[in-house]
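Colleague: First, the structure itself, so that you have it in front of you.
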Amino acid sequence: MLTLAYIGSGKSVHRYHLPFVLERKNFRVKTIFSPHAKSTKWDKIENVNYSENKDDVFLDPEIDLIVVCTSVETHYEYALEALNHNKHVLVEKPFTVTLEQAKTLFNKAKEKGLFIECYQNRRYDSDFLTVQKVIEEGKLGDLLEVEMHFDYYRPEVPTQAENLPFHLGYFYGHACHSLDQVISYFGKPDRVVYDVRNLLGPTKMNDYFDVDLFYENLKVSVKSSFFRLKERPSFVVYGKKGVFVKQFKDRQEEFLKRFIMPNDPLFGIDEETHYGVLTTIDSNNEISENKVISEKGDYGRVYDAIYNHIVYGHECVVKPEQTLLVMELLENGKFELR
């Protein structure tokens, strides 16, 4: 059993981590630390120590893995301190503010023989897993273009923010997921073209991005906005023999917001109306259209992979070079801001 401590006591910990960890018998959550841990608005977990003293995390010899779930501006500081106290570390996205900070953390972990990783739970989104299945079945033929959208209609968010640092904007906060999906499946691109904007003006927060990643004959586009009253499809995949359209994104977040937890047998499961549609053409120019049953998403698989790495020595799923490349892409986006 691995014993965990969390730094942070807000939404990230209680919505996107604990519901999945508490379902797994090979993890024990011992401590949750933050300066306001004892007054958290979230329901407290039984038999967990809510502490406002960081020594309860860093100096506790029982704790194997520290999970950093704070503002990105404190990720580097907390992760480095955890490594210096010989703890394995999992860091929420985005991993750090700068590429250099990320390099320092990975070098420190390697030097001390410790594990550190970015929490990329959306590798286990239902829509992304379903797209992989469709591609690997080969019915689309050679791939030509992939469009990925993660849209919201939340105009009040960028309206309220003035002179927000770029690393606290939309590109860092959301493209880190989609770019990681692209890198994890397609690898390092040959070139990248950015369109990153503050739609409301230069003093407002970054609220829009459109990034094209090119791989020989394939173009992968990652697009998102706070101003999409009607969401674009989550994924559109074009090949020489057809197209796959997945209109609806993974539903795990939707269920968590409704306080439906992973122990519910229907948690995150797509209904038939959420299935993607595969349209193909055969050698006789006959067109067929079929719904594709969605794969099951499960953010908890992040923790399964971590356990298998630390306990059994399996290869890391989220590799350091992938996180470093994502950080490089995020950092470069700042210089393309319009």
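No value in this document is a laboratory result; all are computed from the given coordinates. Quick caveat: nothing in here was measured; it's all calculated off a predicted structure. Every residue, glycine as well, gets a Cβ built from its backbone with ideal geometry; the counts of neighbours run over all protein chains shown.
Colleague: So what is the relative contact order for the chain, in percent, with contacts set as C-alpha pairs under 8 Å and at least six apart?
Modeller: Relative contact order, the chain: 18 percent.
Colleague: Using the number of other C-beta atoms within 10 angstrom as an exposure proxy, rank L200, L330 with the fewest first. Write down the numbers at each step before the final one.
Modeller: On the way: L200 16, L330 25.
Fewest-to-most ranking of L200, L330: L200, L330.
Colleague: Pairing the Cα long axis of helix 320-334 with the longest principal axis of the chain, what angle in degrees results, from 0 to 90 and rounded to the nearest 10?
Modeller: In the chain, helix 320-334 runs at an angle near 70 degrees to the longest axis.
Colleague: Pairs of alpha-carbon atoms within less than 8 angstrom and 6+ residues apart define the contacts here; what relative contact order does region 35-191 have, in percent? Numbers along the way, then the final one.
Modeller: Values: 127 pairs, mean separation 26.6, N = 157.
With pairs under 8 Å counted, the relative contact order is 17 percent.
Colleague: Okay, moving on. Taking the beta-carbon count within 10 Å as an exposure proxy, list R301, R191 from fewest neighbours to most. Don't jump to the answer; show the numbers that get you there.
Modeller: Details: R301 15, R191 8.
Least to most surrounded, the residues fall as R191, R301.
Colleague: How much length is gained on full extension from V193 to E286, taking 0.36 nm per residue of separation minus their Cα-Cα distance?
Modeller: On the way: separation 93, 0.36 × 93 = 33.48 nm, distance 3.64 nm.
Full-extension gain reported as 29.8 nm.
Colleague: I need the phi-derived Karplus couplings for region 139-155: 6.51 cos²θ - 1.76 cosθ + 1.60, θ = phi - 60°, integer Hz, Gly and Pro marked x.
Modeller: Coupling constants for region 139-155: 6, 7, x, 4, 6, 10, 7, 10, 10, 10, 10, 9, 9, 9, 10, 9, x Hz.
Colleague: Could you give the alpha-carbon Rg of region 225-319 over 2.2 N^0.38 Å, rounded to two decimals? Don't skip to the end; give the middle numbers.
Modeller: Values: Rg = 17.8 Å, N = 95, 2.2 N^0.38 = 12.4 Å.
Here the Cα radius of gyration is 1.43 times the empirical estimate.
Colleague: Quick one: Karplus J couplings for region 223-228, per residue in order, coefficients 6.51, -1.76, 1.60, θ = phi - 60°, nearest Hz, x for Gly and Pro?
Modeller: 9, 6, 7, 7, 10, 10
Colleague: Each residue of region 37-44 in turn: what ³J(HN,Hα) in whole Hz from Karplus with 6.51, -1.76, 1.60 and θ = phi - 60°, glycine and Pro shown as x?
Modeller: Calculated HN-Hα couplings, in order: 4, 6, 10, 4, 7, 7, 4, 7 Hz.
Colleague: If you don't mind, another one. Considering just Cα atoms, how many Å³ per residue does the convex hull of region 85-183 enclose?
Modeller: 166
Colleague: Relative to the longest principal Cα axis of the chain, at what angle does helix 176-186 sit, 0 to 90 degrees, rounded to 10?
Modeller: 60
Colleague: As an exercise, identify the trypsin sites (Lys or Arg not before Pro) in region 35-100 lying in DSSP coil whose Cβ has no more than 15 other Cβ atoms within 10 Å. Write down the numbers at each step before the final one.
Modeller: Details: sites: K38, K41, K44, K54, K87; in loops: K41, K44, K54, K87.
Here the sparse-neighbourhood loop sites are K41, K44.
Colleague: Using only the alpha-carbon atoms, how far is helix 72-84 inclined from the longest principal axis of the chain? Give it as 0 to 90 degrees, nearest 10.
Modeller: 50
Colleague: Can you sort F20, F171, F209, F255 from fewest to most other Cβ atoms within 10 Å of each residue's own Cβ?
Modeller: Working: F20 22, F171 28, F209 25, F255 18.
In increasing order of surrounding Cβ atoms, one gets F255, F20, F209, F171.
Colleague: So what's the projected area for region 122-299, the Cα convex hull averaged over all directions, in nm²? Could the numbers behind the result be given before it?
Modeller: Numbers: hull surface 46.1 nm².
It is 11.5 nm².
Colleague: Now for a different question. Hey, what's the Cα Rg ratio for the chain versus the globular rule of thumb, 2.2 N^0.38 Å?
Modeller: Numbers: Rg = 20.6 Å, N = 338, 2.2 N^0.38 = 20.1 Å.
Scaled against compact globular proteins, the figure is 1.02.
Colleague: State the dimensionless ratio Rg/Rh of region 113-168 (Rg: radius of gyration of Cα atoms; Rh: Kirkwood radius).
Modeller: 1.14
Colleague: Can you give the charge dipole size of the chain about its Cα centre, rounded to the nearest 20 debye, using +1 on the beta carbon of Lys and Arg and -1 on the beta carbon of Asp and Glu?
Modeller: In total the dipole reaches around 380 debye.
Colleague: Which of the pairs K103/K188; K139/K249; K93/K334; K11/K108; K41/K230 have their Cα atoms more than 27 Å apart in this structure? Provide the component values of the computation, followed by the final result.
Modeller: Working: K103/K188 17 Å; K139/K249 22 Å; K93/K334 17 Å; K11/K108 29 Å; K41/K230 32 Å.
Where the Cα-Cα span goes over 27 Å, the pairs concerned are K11/K108; K41/K230.
Colleague: If you take the Cα Rg of region 1-159 and divide it by 2.2 N^0.38 Å, with N the number of residues, what do you get? Write out the running numbers ahead of the final one.
Modeller: Values: Rg = 18.4 Å, N = 159, 2.2 N^0.38 = 15.1 Å.
Dividing the Cα Rg of region 1-159 by 2.2 N^0.38 Å gives 1.22.
Colleague: Continuing with the same structure: Defining a contact as two alpha carbons under 8 Å apart and six or more residues distant in sequence, what relative contact order in percent does region 31-106 show? Walk me through the numbers on the way to the answer.
Modeller: Details: 90 pairs, mean separation 19.1, N = 76.
Relative contact order of region 31-106: 25 percent.
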